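Below is one structure, written out as structure tokens; comments come after it.
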Ligand code: NAP
Ligand code: F7E
């Protein structure tokens, strides 16, 4: 089997490439040209780079995407490439649109033009950001209203519907994985979980004094990327394409995540003060380890997310509890501590 992964240099791309190689797939990946060489650092921590065929290109370049699909003739496409940072998408709405909406269009329309409808199955990386603030005590599933609150989420909503359009209009085997947050030691360093675990490690090693965060009350449903990529593959092994929520069904606040992460390194955080003056203090030393920086707050916040993955449990064999939040946090903190030794 031959797979083409866009976004192979990101967190999910690395875990997915590792998983597909373990299944003896021939793995092809789209990588962006940079003057520094290929950005394969994350991938190299999980796979032997010689086992992957790299193709320099950009998801926004329709000519290049069509040429690559024609050359590779993949059995499966995993479309993971995106400007994936929600906060950054507010200042870069066109880049979000270009990479996510037009990028997805380039994939599906190239596949259609090349007559790949009966040959190639497609996974589209959709997101819980589609829902916006629809959460009202009941967990979100495939039927919940979609009202995105960021340029990122809005671009992903286009891509989500486009994938459905190509399934319905042309018969493509194409699936939307409506993925809730998933993390790992390979998570980008400006997403809140990795930012916290990196800061915990640096503070523990005496290389940083304090961690600055934005909204501590937002809640997210966090799983492990390693588990999520297996579901991406599983979706393409079904008889037909469909849409699936992948989530753990439990949510925690940023505050709770931070307390747990500091605890792994032996810090017992207590809170003092209110609003932007609130601080997190190490109980045993009295040192302030967490402060609020309003610049990390978003123009529009998605306050709480928790998913209902029952369909994926029933149809894909998804195990939402394979890695607990405590084990995920421990793995990330220990990884970041090891990076500093
Ligand atoms: P990530 O670590 O930010 O990786 C994004 C990937 O997209 C990187 O390989 C990046 O390449 C590539 N990319 C960005 N712009 C590109 C362009 N113009 N042309 C080609 N490649 C480009 O994201 P992730 O966490 O692995 O997420 C994978 C996908 O799932 C994304 O589409 C994301 O939106 C979606 N998603 C993620 C989560 C989550 O919690 N992780 C949840 C729901 C959905 P460079 O390395 O060159 O920057
Ligand atoms: O923020 C709050 C922030 O940037 C989570 C992407 O993978 O998951 C991810 O998007 C929460 C938000 O992820 C900081 O306000 C507080 O409420 O880690 P994040 P995200 O926005 O949930 C979805 C499902 C995707 O699809 C995306 O691609 O944490 N928060 N303080 C902070 N966030 C950041 N980044 N930095 C802070 O200092």
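Odds and ends about this structure:
- Scan of the range 213-241 for residues that are under 30 Å from residue 290 (Cα atoms) and either within 13 Å of the chain's Cα centre (by Cα) or more than 16 Å from ligand 1 (Cβ to nearest atom) (or both), ordered by number: 213, 214, 215, 216, 217, 220, 221, 222, 223, 224, 225, 226
- Check on residue 206, surrounded by fewer than 22 Cβ atoms within 10 Å (Cβ to Cβ) and more than 10 Å from ligand 2 (Cβ to nearest atom): yes
- The requirement of being away from ligand 1 (no atom under 13 Å from the Cβ) and modelled with pLDDT of 95 or more is fulfilled somewhere in the range 27-41, by at least one residue.
- Within the range 265-300, the set of residues being buried (at least 17 other Cβ atoms within 10 Å of the Cβ) and either under 27 Å from residue 92 (Cβ atoms) or within 16 Å of ligand 1 (Cβ to nearest atom) (or both) comprises 292 only.
- Sub-6 Å Cβ pairs linking a first residue in the range 315-341 that is surrounded by fewer than 17 Cβ atoms within 10 Å (Cβ to Cβ) to a second residue that is part of a loop (DSSP other than H, G, I, E, B), at least 6 apart or interchain, are 340/205, ordered by first then second residue.
- One residue from 53, 45 being within 25 Å of residue 231 (Cα to Cα) and away from ligand 1 (no atom under 15 Å from the Cβ): 53
- Selected residue (criterion: surrounded by the most Cβ atoms within 10 Å (Cβ to Cβ)) from residues of the range 98-117 that are within 15 Å of ligand 2 (Cβ to nearest atom) and touching a residue at least 60 places away in the same chain (Cβ under 8 Å): 103
- Test result for residue 211, touching a strand residue (DSSP E or B) at 6+ places or on another chain (Cβ under 6 Å), in contact (Cβ under 8 Å) with a residue 60 or more places away in the chain and surrounded by fewer than 23 Cβ atoms within 10 Å (Cβ to Cβ): yes
- Whichever residue in the range 301-314 is within 10 Å of ligand 2 (Cβ to nearest atom) and in a loop (DSSP other than H, G, I, E, B) and, among such residues, is surrounded by the most Cβ atoms within 10 Å (Cβ to Cβ): 305
- Residue among 149, 200, 192 that is farther than 26 Å from residue 14 by Cβ, within 14 Å of ligand 2 (Cβ to nearest atom) and in contact (Cβ under 8 Å) with a residue 60 or more places away in the chain: 149
- Strands (runs of 3 or more DSSP E) within the range 235-294 that include 1 or more residues closer than 19 Å to residue 207 by Cα: 269-272, 279-282, 288-292
The values are calculated or read from the model by the stated rules, or taken from the named source; none is laboratory data. This one's a predicted model, so the numbers in the text were calculated from it and none came from an experiment. Positions of Cβ are generated from backbone atoms using ideal geometry, with glycine treated the same way; all protein chains shown enter the neighbour counts.
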